[in-house]
Each structure stands twice: as C-alpha cells, then as structure tokens.
1. Which three extents, in whole angstrom, do the alpha-carbon atoms of the range 64-138 cover along their principal axes, largest first?
2. List the residues, sorted by chain then number, that are 5 or more residues from VAL73 or on another chain and whose placed amide H is less than 5 Å from its amide H.
3. Each label point is 7 Å from the Cα along the Cα-to-Cβ direction; what then is the distance between the points at ARG113 and ARG140, in nm?
4. List the residues whose amide H sits under 5 Å from the amide H of ALA80, counting only those 5 or more places along or on another chain, with H placed 1.01 Å from N in the peptide plane.
5. Taking 7 Å along the Cα-to-C-beta vector as the label spot, tell me the ILE120-HIS70 distance in nanometres, rounded to one decimal.
6. Among GLU119, GLU106, which comes first, then next, by fewest other beta-carbon atoms within 10 Å?
Amino acid sequence: MACYYVPRRSMLGFDSSDSSSEYEDTDEESSSEESDGLGEATYLTSKHSVGTSFQIGQTTVNIVAGDIVHQPVDVIVNSANPNLDLTQGRASSSLLAAAGSRIQRECQQNYPRGLRPGEIAVTSGGNLRCTAIYHGVLTRYSSQRDEKICVQT
C-alpha cells in the first residue's frame, strides 16, 4: 500500500496495489508513537520533503507534489469542516469540483449532523478513479496548547 501526501491540497491518498514505487526509500525516519490503541501515528516533519519515501508497517508513504485527483490511489483523505460543507475550504471545494456533487449529497444523507473532530465520513469517489474519499475533521491548531504537549513529551 502506498500513501501520497499532497502539500498543495492538504489531502492524502492511499494505493493498496503499490509494490514498486517511483520513489526510492530514504534514510530519513518519521517520528511515530502509539495513539489511542488505533495503531502507529506518524507525523510528517520538515525533513519529509517532496520525493521522500518511508515505510509504516506494510504501507509505503511517498510525498509528492501534484493534484490529488489525478493520482492513482484507492482512497483520498480530505480535511473537511464539521458541517461537511465541501464548498468551503480550498481542498474540499477542489475535490468537490472534480468528484462531482454526488459526494456532497452522500455527506448530507449519511452524516446529517456532520462530524466532530477526530471522526471521518466515508463517501464514494464520485467521478474520480478512487473507490472512496475519507473526509475527516481536525482539531483547531493552538500554538500554546500544542507547545505544551511537545514540552510534556
């Protein structure tokens, strides 16, 4: 499985058929830790630049620049707002334009109350080649809170 991080769109895509990547593994290591019993959490840092590849278990993570809608992936991961209004935000609206209004209807029908931070909504890929899109809601960044967490660890 390969995972593509696309900085321009703030989305991730997963390709489960990857066994030979166009990117070579690098010696750089990702920082990781266990999180909530859900498995390994890996955080991309400034040392992970475009062209970097690294392994997380059976998954190869490739950092590439480009338009996520044209990547050969199985799943696209999108950062959405709590109301799942895909017309809001650059990444969501670009994804909506490419995938079509079907994914917005799926969000409204299957998640009428929206999402809380940490939850995900799963929709089809719409007009895209991917089989699914995972829309997640992130917590709001707080430099003071996050600095405290870093100091504590």
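None of the figures in this text is laboratory data; all of them are computed from the coordinates on show. The structure presented is a predicted model; accordingly, all values stated were derived computationally and were not measured. Quick reminder, even Gly has a Cβ in these numbers, built from the backbone with ideal geometry, and neighbours come from all protein chains shown.
1. That gives 31, 22, 19 Å along the principal axes, largest extent first.
2. Excluding prolines and chain starts, which carry no amide H, there are no hits.
3. It works out to 2.2 nm between the two label points.
4. So ALA80 has HN proximity to GLY136, VAL137, LEU138.
5. 2.6
6. So the residues, fewest neighbours to most, are GLU119, GLU106.
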